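Read the structure below first, then the notes.
The values are calculated or read from the model by the stated rules, or taken from the named source; none is laboratory data. Remember, predicted model here, so these are calculated numbers, not experimental data. As a convention, Cβ positions derive from the backbone with ideal geometry for all residues, glycine included, and neighbour counts pool all protein chains shown.
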Amino acid sequence: MSRRISIAVVGSGYVGLVAAACFAELGHRVVCVDNDEAKVRMLREGGVPIHEKYLPGLLKRHRSDRLEFTHDLRAAVRAAQAVFIAVGTPQSQTGSADLSYVDVVASEIAHAIDGYKVVVEKSTVPVYTNEWIRRVMARNGVSQQLFDVASNPEFLREGTAVTDFLHADRIVLGVESERAAEMLQQIYEPLSSGAYYQSEHAIPGARTAGDPPPVLLTSTKAAEIIKHASNAFLATKISFINVVANICEAAGADVEEVARGMGMDSRIGPRFLQAGVGYGGSCFPKDVAAFRHVAEQMNVDFGLLREVEKINTEQRRRFFLKVRSALWTFRGKRIAVLGLAFKGGTDDIRESPALDVVEQMLHEGAIIRAYDPAAAERAQEVIPPGPRMQYVEDVYAAAEDADAVVILNDWQEFAELDLQRLRSILRYPIMVDARNLYDPTAMAKLGFSYLSIGRAAVLPSRHPREAGDLAEAYPNLLLA
Ligand code: UGA
């Protein structure tokens with residue numbers, strides 16, 4: 001039988017806000033704390049600061065009842081049984097995670113605490129952070145009886161954050177005491193028992209009452225490492241397939257076929273084998289660097305991760321060179337850019353490979369018209385609009401009279417383009433696709449020169465040369 005727990009979530013970024021809304025959805029009483037007063041006001045007034053499916057609905061459903069927003073950390077902590085720390089852990093100059101926000105919040109919790117609380121790390125943090133939090137509490141004179149520190153890493157992806165939370169592959173609870181374990185299990189009980197999935201208002205997803213997410217109880221240190229190691233492993237998988245894609249290009253094979261064949265091995269699995277322009281976002285680049293740094297601190301050589309990072313950087317450059325090889329030079333060329341966010345389904349542009357490629361093209365004199373369904377506003381803060389950089393409202397406005405269209409992220413909309421229309425408005429029917437959204441043979445038939453990742457480039461099939469013989473037509477293609 002599920003019990004309602006009073007929860008404070010400190011930090012209302014992607015992880016904090018989604019966790020707060022989802023805890024409320026599970027029936028708990030939640031106060032979400034942020035020191036950004038403007039953001040708190042916006043959330044109170046019904047605003048939604050991030051683009052995330054189902055989040056506006058959840059916030060609306062629970063705002064007037066079990067979900068509150070405040071900048072008063074002290075009051076929120078006092079009212080809570082469990083305090084989740086979900087503040088940012090950005091990358092410091094050395095590559096390690098900057099834990100100063102966690103440090104500040106831990107001291108503030110220490111000053112507020114007036115009864116037993118479970119303090120839970122929800123942000124991605126290096127192993128031993130739990131011990132630091134414990135030390136901060138002790139330094140501030142908090143008795144050990146008054147708190148436990150636990151780790152409950154979050155595995156949600158931006159764009160599908162709510163479903164990832166409520167339909168998790170697993171729920172990891174890193175705990176050192178029965179009392180903390182019991183409280184965290186109570187919090188997740190509606191999911192782990194399957195009860196949540198029986199509700200008619202449940203957010204739909206892969207989990208059902210008969211197949212609820214498993215709960216894994218571990219030590220706090222193991223939970224911290226599970227999070228870092230999972231992200232580093234997924235990033236490794238992506239860099240691995242990107243190198244395989246480069247081999248496919250050189251050998252004349254199709255990386256999509258290769259990835260399918262590899263993914264059918266249940267030990268490998270099909271997911272995160274999508275070759276592209278390299279990983280980006282606020283997590284993988286930062287977490288790979290932080291995990292490598294953790295290893296260094298412990299005198300463990302994790303050179304593999306250095307290689308993963310190197311491949312990722314090179315993949316962006318390689319893609320840029322591919323676009324250039326299709327156009328010969330960039331100066332004065334009009335490029336339609338589709339996609340600015342680090343992936344489809346989000347407005348997040350942090351560490352976006354798309355922006356990196358756009359900057360490289362601008363640097364070489366290209367004239368860009370860019371479209372992204374959600375990220376244009378944020379992108380403008382990094383690359384301001386100007387005579388050579390325009391942000392437009394739709395794909396076709398970007399493509400009008402362009403010398404080429406370049407797809408940089410995988411919004412569903414970009415996989416469903418009206419290709420006839422696109423071809424008719426482009427000055428030259430050239431598409432360079434960093435996400436392999438189209439079938440090369442079909443593109444050639446439609447009259448496109450189409451370059452993608454890990455697959456042979458094709459020319460329009462009405463061209464005298466056979467599709468696939470692009471290297472002869474453009475001698476510097478792929479040699480650049
Ligand atoms: C990632 C993890 O997938 C989540 O499990 C984790 O909780 C999150 O980081 C975090 O630590 O907070 P996210 O950054 O939202 O989630 O995005 P992903 O969907 O994992 O994509 C990351 C990058 O890898 C994107 O640039 C994406 O385009 C790229 N990617 C992903 C590929 O190039 N190929 C793939 O097969 C998959």
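Looking only at residues in region 262-303 that are part of a helix (DSSP H, G or I) and of a type in the set (A, V, I, L, M, F, W, C), the one that is farthest from the ligand (Cβ to nearest atom) is Ala295. Screening the candidates Thr346, Thr329 for the property of being out of contact with any helix residue (DSSP H, G or I) (no Cβ under 8 Å at 6 or more places or on another chain) and within 27 Å of Gln93 (Cα to Cα) yields one hit, Thr346.
Taking the criterion of being in contact (Cβ under 8 Å) with a residue 60 or more places away in the chain, assigned to a helix (DSSP H, G or I) and under 22 Å from Ser151 (Cα atoms), would at least one residue in region 50-64 satisfy it? Taking every residue of region 50-64 in turn, none turns out to be in contact (Cβ under 8 Å) with a residue 60 or more places away in the chain, assigned to a helix (DSSP H, G or I) and under 22 Å from Ser151 (Cα atoms).
Here is a check on your reading of the model: is His51 modelled with pLDDT under 95 and not aliphatic (A, V, I, L, M)? Taking the combined requirement at face value, the residue satisfies it.
The set of residues in region 145-160 being assigned to a helix (DSSP H, G or I) and out of contact with any Lys or Arg (no Cβ under 8 Å at 6 or more places or on another chain) consists of Gln145 alone. For Val323, are the conditions met, namely being more than 10 Å from the ligand (Cβ to nearest atom), part of a helix (DSSP H, G or I), β-branched (Val, Ile, Thr) and surrounded by fewer than 20 Cβ atoms within 10 Å (Cβ to Cβ)? No.
This table checks each residue for (1) surrounded by 12 or more Cβ atoms within 10 Å (Cβ to Cβ); (2) on the phi > 0 side of the Ramachandran plot.
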{"residue": "Arg267", "(1), (2)": "no, no"}
{"residue": "Gln274", "(1), (2)": "yes, no"}
{"residue": "Gly278", "(1), (2)": "yes, yes"}
{"residue": "Gly281", "(1), (2)": "yes, yes"}
{"residue": "Pro285", "(1), (2)": "yes, no"}
{"residue": "Ala289", "(1), (2)": "yes, no"}
{"residue": "Glu296", "(1), (2)": "yes, no"}
{"residue": "Val300", "(1), (2)": "no, no"}
{"residue": "Leu304", "(1), (2)": "yes, no"}
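Strands (runs of 3 or more DSSP E) fully within region 380-459 that include at least 3 residues being in contact with an Asp or Glu (Cβ under 9 Å, 6 or more places away or on another chain) and in contact (Cβ under 8 Å) with a residue 12 or more places away in the chain: 404-407. Screening Gln186 on (1) at pLDDT 95 or above; (2) part of a loop (DSSP other than H, G, I, E, B); (3) out of contact with any strand residue (DSSP E or B) (no Cβ under 7 Å at 6 or more places or on another chain); (4) under 20 Å from Ile85 (Cβ atoms) shows it passes everything except condition (2). Filter region 351-372 for residues that are within 9 Å of Leu340 (Cα to Cα) and without any contact (Cβ under 8 Å) to a residue 60 or more places away in the chain; which is surrounded by the most Cβ atoms within 10 Å (Cβ to Cβ)? Per the stated criteria, the residue is Asp372. Of note, Asp254 does not satisfy the criterion of being out of contact with any strand residue (DSSP E or B) (no Cβ under 7 Å at 6 or more places or on another chain), within 11 Å of the ligand (Cβ to nearest atom) and of a type in the set (Asp, Glu).
Among Ala259, Ala223, which is buried (at least 18 other Cβ atoms within 10 Å of the Cβ), in contact (Cβ under 8 Å) with a residue 12 or more places away in the chain and more than 13 Å from the ligand (Cβ to nearest atom)? Residue meeting the stated conditions: Ala223.
Annotation for region 23-46: no member residue is part of a loop (DSSP other than H, G, I, E, B) and of a type in the set (Lys, Arg).
In this structure, is Ala229 surrounded by 19 or more Cβ atoms within 10 Å (Cβ to Cβ) and either within 14 Å of the ligand (Cβ to nearest atom) or in contact (Cβ under 8 Å) with a residue 40 or more places away in the chain (or both)? Criteria not met by Ala229.
The listed residues are Arg306, Arg331, Arg316, and the only one of them that is at pLDDT 95 or above, out of contact with any Pro (no Cβ under 7 Å at 6 or more places or on another chain), among the basic types (Lys, Arg) and assigned to a helix (DSSP H, G or I) turns out to be Arg306. Among the candidates Gly27, Gly47, Gly11, Gly16, the residue that is free of Cβ contacts under 8 Å to residues at least 12 places away in the same chain, in the same structural domain as Glu182 (by TED's automatic domain parsing) and not basic (Lys, Arg) is uniquely Gly47. Ile133 passes every criterion in (1) of a type outside the set (S, T, N, Q); (2) within 16 Å of the ligand (Cβ to nearest atom); (3) part of a helix (DSSP H, G or I) apart from (2). Every condition in (1) at pLDDT 95 or above; (2) more than 12 Å from the ligand (Cβ to nearest atom) holds for Ala161 except the one numbered (2). All told, Ala168 meets the bar of being closer than 18 Å to Val15 by Cα, surrounded by 13 or more Cβ atoms within 10 Å (Cβ to Cβ) and modelled with pLDDT of 95 or more. Taking the criterion of being in a strand (DSSP E or B) and within 16 Å of the ligand (Cβ to nearest atom), the residues of region 89-119 that qualify are Gln91, Ala97. With respect to the stated conditions, Glu381 is away from the ligand (no atom under 16 Å from the Cβ), of a type outside the set (A, V, I, L, M), at pLDDT 95 or above and closer than 30 Å to Ala289 by Cβ. Within region 202-209, is there a residue that is at pLDDT 95 or above, within 12 Å of the ligand (Cβ to nearest atom) and within 24 Å of the chain's Cα centre (by Cα)? Within region 202-209 (the criterion being at pLDDT 95 or above, within 12 Å of the ligand (Cβ to nearest atom) and within 24 Å of the chain's Cα centre (by Cα)), the answer is no, since none of the residues qualifies.
Given the structure, is Pro213 touching a helix residue (DSSP H, G or I) at 6+ places or on another chain (Cβ under 6 Å) and touching a residue at least 60 places away in the same chain (Cβ under 8 Å)? Taking the combined requirement at face value, the residue does not satisfy it.
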